[in-house]
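See below for the structure under consideration.
The values are calculated or read from the model by the stated rules, or taken from the named source; none is laboratory data. Nothing here was measured: the structure is a model prediction, and the numbers come from that model. Glycine gets a Cβ as well: all are built from the backbone with ideal geometry, and neighbour counts include every protein chain shown. Accessible surface is based on the protein model in full, side chains and every heavy atom, while ligands, DNA and RNA are left aside. Shrake-Rupley method; radii C 1.70, N 1.55, O 1.52, S 1.80 Å.
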Amino acid sequence: PRTTSPAAFAPRATETAIVNTLGGPQVLPSSRIPLSVLYAKKKGNAKAAALEALEALEEQADLLDKPLSKKEQKEMMKKQKKEKKNENDSDEGTAPPVGKKNAKAAALEALSALEEDALEEPLSKKEQKELLKKQNQQGEGVNGSDESVNGNDAAKPMSKKEKMLAKALELEAREAEMATTEPVDDTPKLSKKELKALKKKEEKMAAKAAAKAEKKAQRAEELEEEEVTGVNGLNGDDAGDAQAPAETAGQEAPKEKVKVTLEDKIRKERPPPRIRVMESAQPGYVSLRLENVGITFRNQEVLKDVTWGVQSGDRIGLVGKNGAGKTTQLRILAGELEPTTGDVVKSSADLRTAMLRQEFVDELVPERTLKEEFMSVFEEENQILQDLRDAEAQLESMSEDDHDAMQEVLDKMQDLQRKADDKDVYVLESRVKKTMDLMGFNDDEADDLVASFSGGWKMRIGLGKVLLKEPNILLLDEPTNHLDLDSVEWLEAFLREQNIPMIIVSHDREFLDQVCTKIVDAEGGICTEYDGNYSRFLLLKKARMDSWQAAYDAQEKKIKAERQWISKFKAKQPQQVKQRQEKLDKFMKSDEYVQKPPFTGKPFRFRFPDAPRLSPEVAEINAMSHAYNNEISNNRLFDEVDLFIEKGDRIAVVGPNGSGKSTLLRLLVGKEKPDDGSADIVGANVEMAYFEQNQADALDLDKTVLETIQGASEGQSYNELRALLGQFLFKGDDVEKKVEFLSGGEKARLSLCCMMLKSANLLILDEPTNHLDIPAKEMLEEALQHFAGSVMIVSHDRYFISKVANSIVAIEDKKLVKYQGDYKFYMEKSKEMKRKIEARYVAGVERIEAAPVVDLEELTKPKRNFGGAKAASMVTRKDKGVKNAKRMRQ
């Protein structure tokens, strides 16, 4: 039997440990015998040569410890390449003698003979047992070597030769494996379920990566948009000071980043606005509609998603608080303003609209006559007539010899005459006369100046000009602001007789109740339609809001119970809690979730500053006469009238349009001088505040809200001014809006705010409720009721007068008649007026009652302190003394 020396396998174990330590290809440990060795055929010469070479290698260890020179390394590399080239043709022979130079080559040949030669004869059983025993022993040595090599305190570190030998073996093994074997996929095979899960995970990761990349790209685009730069705006002296150094230094002007506004984002995300025309509209049918319209001014969203319309036979009342976007919607319908998003749908492409604006007085020219003002509507027709007159004058001034020039003028006149016939310019005067009759003007007033008419008659002029445009749809913005009762009744009857579809914006509830057939309520950026007049609107809206609130409360109750259950079982049933939480979140994001009803907001509340001490006598009008005289008319307003104003008087001046109510206030404050008599402030310490009728005339339109209030302040701090503006509903970016962009109601609030900044003991208010909504009127009523000074008011709002005035001054037959009582007392004096007013009451709205009496002395009187503890009134044990008494008796 063949014997195997145990010492022959010692270097093999060392080599295995070295290869594993260096991180090379994994060599089987000595404890595991390759099948190629167990079943190899016996070839004595090859095996013996290998064993002898290994023994010689161990004996020459002292030589291996010494490093090889460069020459020896080159010879060894050449030898290896040569042996590899002739590997298949090499004969079996004895191993070459092991010396200092060829020791490493002998070891390589021996190892190659052991592992790579195809040995046909298997080992005997005894040889296999001994080999297994030795391999087990060497395996323990290999493990020990690994631990010692991996540890910091290695018992026997490898020499440089051993490291080079291990590296050479590693390279040879790799080359042999790549040349003889195909690459093997070591990855374990997955089941179908695992493959499906892996594929799903990869798709999810890919989608997540794509979404992340898209988001990153979108963010990059937004950053590019935000980095739109522009030159800093420099004004006034600052501009001149900053421009000089920039020019001298030759540098570019500084740039600033322009942030993307909410309006820009909405325009980018949503489709652009459009104007569409109905495809099949019946002849004579008129319709104008807003569909999903939204409008945003920079960062302020006024309208969100508005959908409603007007058609033939409709008289729609558009109601809502100030700032709700009512006038904005009228401008969109009139084609003056383009919405941010949404569609405007017309029944025909040539649909005509005409609008009577809030500040229609600004469009009138006071120097024109009444007839000229009406004729100014026809701008194109007037230009044709003027061109004809100029051509006739030119023709008259030409000589008869210049035939070519005359022919040219005649051709021009013929062309102008054809245009005049097409436009019916010669019937314009008859149309104007008809409209004047319709508006209540007589022929004698055709040559009167516009300035000579009162506010109510000016409204008729504005309405007549609108009707002369022959619109298909009529738009009226606050038409009753300056009208007395007779004028309002005339306007109501006039509008009911018209067949033109119309949209009316008004805060006059009685007027809307008498005229409208449908109400559109603007609230929270959306609009809701209600069929019927204003009385029915109040009932329907209350029912709708009650139902909405009940549904919301029931929903919130269920959500609260669900959240309590989730909080209670969060630890005990996490899986079920997670499912119910996901279900709740999904429900709250769905369309089934009932949104919270709109909150009415804080009431419009303010108080006038404390009034200084006022003398008993405030103002006096003595034998005053006044008239407006001009070349055309002689309008006498007052004829020797007398009036005395005392401390505590709250006087309301009433009378028809044109009777001189506003003129009386201007005479009293000194803006006009009476023709005869006097109108003076007689009090010694009277401080007066005057509120004018037309706010557009009193405010600087180029200033912002904040600049206006700062200009009217008297030493108040910035925080105090902002708090005051907040009371008047000017919050956030609203204070930076220019006055010219404010609505009529906003201008009225701003003027009242300015008046509050200085203390006064006499208030002169001319139509203060114009353009104010219902809550604002109610708050103004309360503020005037708690005002300690004297007040003189002109207003056509009967409800407002009934809440504020304690005396009525009526202008009757150019005289001032004072009634020592409130408006209800004044109504009782005239049965005809009482009948008219009571016939106009709106169902569900408070009727005119006696004015409330507020005892200001009682409110300002300090509370008397009768001693005792501050918390004496908070004692809840009322029987405490009784129990103590019982205890003492015991």
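Taking 25 °C and 0.890 mPa s as the conditions, I'd like the Stokes-Einstein D for segment 470-554 in µm²/s, using the Kirkwood hydrodynamic radius from alpha carbon pairs.
Diffusion coefficient, whole number: 170 µm²/s.
Please give the contour-minus-distance gain from Arg580 to Glu363: 0.36 nm per residue of separation, less the Cα-Cα distance, rounded to one decimal in nm.
Between Arg580 and Glu363, full extension yields 71.7 nm more.
Using a Förster distance of 45 angstrom, determine the FRET efficiency expected from the C-beta separation of Lys84 and Leu132, and round it to 0.05.
Working from the Cβ atoms, E equals 0.90.
Based on the Cβ-Cβ distance of Arg613 and Lys673, what FRET efficiency does E = 1/(1 + (r/R0)^6) give at R0 = 41 Å, to the nearest 0.05?
That gives a FRET efficiency of 0.90.
How far apart, in nanometres, would the label points at Lys557 and Ala207 be if each is projected 7 angstrom from Cα along the Cα-to-Cβ direction?
With each label point 7 Å from Cα toward Cβ, the separation is 4.0 nm.
With Cβ to Cβ distances under 15 Å as the rule, what net charge do the other residues near Lys204 carry (K, R +1; D, E -1)?
That sum, taken over residues with Cβ under 15 Å, equals +4.
What accessible area per residue comes out for segment 648-763, rounded to a whole number of Å², with a 1.4 Å probe?
42
Which Cα, out of Leu757, Leu721, Ala689, lies furthest along the positive dipole direction of segment 668-767 (beta carbon charges, K/R +1, D/E -1)?
Leu721
Suppose R0 equals 25 Å; then what is the FRET efficiency for Phe606 and Glu707 from their Cβ-Cβ distance, rounded to the nearest 0.05?
Taking R0 as 25 Å, the efficiency between Phe606 and Glu707 is 0.75.
Which pairs, out of Lys371/Lys661; Lys321/Lys541; Lys371/Lys469; Lys371/Lys433, put more than 18 Å between their alpha-carbon atoms?
Pairs exceeding 18 Å: Lys371/Lys661.
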